Number of protein chains: 2
Amino acid sequence: MTDISRSGCPINLSLEVLGDKWSLLIIRDMMFGNRRHFRELLTKSEEGISSNILADRLKTLLDEGIITREEDPTHKQKGIYSLTEQGIELLPVLAQMAAWGYKYLPVSQELGIRARLLSEGGPKLWAEFMDELRESHLGTKRRKRAGPSVGERLQAAYESVVKRK
Amino acid sequence: MTDISRSGCPINLSLEVLGDKWSLLIIRDMMFGNRRHFRELLTKSEEGISSNILADRLKTLLDEGIITREEDPTHKQKGIYSLTEQGIELLPVLAQMAAWGYKYLPVSQELGIRARLLSEGGPKLWAEFMDELRESHLGTKRRKRAGPSVGERLQAAYESVVKRK
DNA sequence: AAAACCGATTGCATTTTGCAACTGGTTGCA
DNA sequence: TGCAACCAGTTGCAAAATGCAATCGGTTTT
């Protein structure tokens with residue numbers, strides 16, 4: 001890891017950490033796909049990351065404080081990766097990027113539905129989803145809300161599109 | 001350029017276009033630094049991009065419809081690069097990324113001030129700035145507003161921090 | 001006891017990046 | 001008119017990052 005940075009610009013510094021083709025996809029899978037183990041991230045992603053790259057990126061994300069790793073008590077070898085608050089707060093970045101991609105790039109129907117809902121929901125929905133992530137990744141208690149969670153709604157929407165095809 | 005994409009996910013597709021260490025910095029300089037010529041982008045950026053990388057990225061951004069290039073009527077060799085609507089709408093992505101970097105990374109005081117103002121201003125300020133960009137890059141007419149533009153305010157804030165040091 | 005699964009690591013080929021020098025042309029100035 | 005400075009890139013080459021497939025030592029399942 002290089003310690004020297006090219007400049008103190010916030011965008012540049014962010015790109016030095018996240019500016020590659022995989023890091024944000026890993027975050028995405030942790031957020032929206034609920035992937036928490038190495039194997040899940042490796043095999044259940046659309047894009048097919050290779051194991052050495054995944055290992056390398058997870059290490060960087062750990063070093064940067066964007067994720068944490070703990071042992072799975074039920075399985076000595078499994079590590080559980082979690083988002084930190086810093087990682088959870090990447091949601092707005094991903095949401096904006098998804099909205100832009102949805103608008104301008106050849107997004108598939110089933111993978112676009114989440115972007116659309118997230119975009120339509122706006123910052124208010126993002127905040128609610130981030131609260132849910134705090135619960136599942138940080139163990140934060142939060143008062144129960146009525147009805148399905150944002151995560152569940154996104155998942156349900158995705159599945160209904162898949163089913164319709 | 002590879003035409004095949006790894007998946008139809010909007011985030012993935014966006015990253016296939018913008019997921020490197022330089023593309024978004026070029027967009028940033030065009031948006032906030034008002035750089036419109038090759039030389040300006042090459043020499044006036046904080047980070048020091050090299051000319052072959054810059055040429056390559058400009059080509060990609062052209063191909064993707066994020067920027068356009070036209071001849072400068074006053075100077076036969078100079079090309080003028082402009083953001084398209086698609087490029088202008090990357091502002092929210094940059095703004096969120098800047099806000100995240102500002103909060104969590106060792107941002108320098110003078111380069112952080114823009115991120116802070118942009119973050120505090122929120123989507124409303126972004127929309128105003130995007131309107132200004134439409135005027136300067138697309139030639140769109142817009143009704144004159146009172147007082148300094150968003151671009152001018154950001155610039156003034158930056159200069160006042162530099163001066164104070 | 002064997003097979004399957006776990007999180008990685010290794011070796012190696014390909015691709016991308018980064019640096020420095022350079023190109024062919026244009027413009028500004030003496 | 002001639003020459004220096006400037007323009008947008010291009011070229012050659014070394015170094016680093018990426019991608020693939022095979023593998024590793026250990027754990028869990030059957």
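Quick look at the numbers
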quantity	calculated
Scan of the stretch A:71-95 for residues that are open to solvent by 60 Å² or more (accessible area, probe 1.4 Å) and either basic (Lys, Arg) or assigned by TED's automatic domain parsing to the domain that holds A:Arg116 (or both), ordered by number	A:Lys76, A:Lys78
Selection within the stretch B:64-102 - in contact (Cβ under 8 Å) with a residue 40 or more places away in the chain, closer than 21 Å to A:Leu15 by Cβ and part of a helix (DSSP H, G or I)	B:Gly87, B:Ile88, B:Leu91, B:Val93, B:Leu94, B:Met97
Filtered residue count, the stretch B:104-137, keeping only those that are of a type outside the set (Val, Ile, Thr) and not in a helix (DSSP H, G or I)	3
The stretch A:6-31, residues that are assigned to a helix (DSSP H, G or I) and either under 23 Å from A:Ile80 (Cα atoms) or aromatic (Phe, Trp, Tyr) (or both)	A:Val17, A:Leu18, A:Ser23, A:Leu24, A:Leu25, A:Ile26, A:Ile27, A:Arg28, A:Asp29, A:Met30, A:Met31
Matching residues, the stretch B:8-64, being within 14 Å of chain A (Cβ to nearest Cβ), within 12 Å of DNA strand D (Cβ to nearest atom) and small (Gly, Ala, Ser)	B:Gly19, B:Ser50
The one condition in (1) under 29 Å from A:Gly8 (Cβ atoms); (2) assigned by TED's automatic domain parsing to the domain that holds B:Gly33 that B:Ala157 fails to fulfil	(2)
Residues of the stretch A:96-114 that turn out to be more than 7 Å from chain B (Cβ to nearest Cβ) and open to solvent by less than 30 Å² (accessible area, probe 1.4 Å), as a count	2
Residue match in the stretch A:123-144 (condition: buried (at least 20 other Cβ atoms within 10 Å of the Cβ), closer than 24 Å to B:Ser119 by Cβ, within 14 Å of another protein chain (Cβ to nearest Cβ) and in contact (Cβ under 8 Å) with a residue 60 or more places away in the chain)	no
Number of positions in the stretch B:10-31 that are open to solvent by 40 Å² or more (accessible area, probe 1.4 Å) and within 13 Å of A:Ile11 (Cα to Cα)	2
Yes/no for A:Asp29 being away from DNA strand C (no atom under 11 Å from the Cβ) and in contact with a helix residue (DSSP H, G or I) (Cβ under 7 Å, 6 or more places away or on another chain)	yes
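The values are calculated or read from the model by the stated rules, or taken from the named source; none is laboratory data. Everything quoted here is computed from the prediction, not taken from an experiment. Glycine also receives a Cβ, built like all others from the backbone with ideal geometry; neighbour counts cover every protein chain displayed. Note: areas computed on protein heavy atoms with side chains; ligands, DNA, RNA excluded. Shrake-Rupley method; radii C 1.70, N 1.55, O 1.52, S 1.80 Å.
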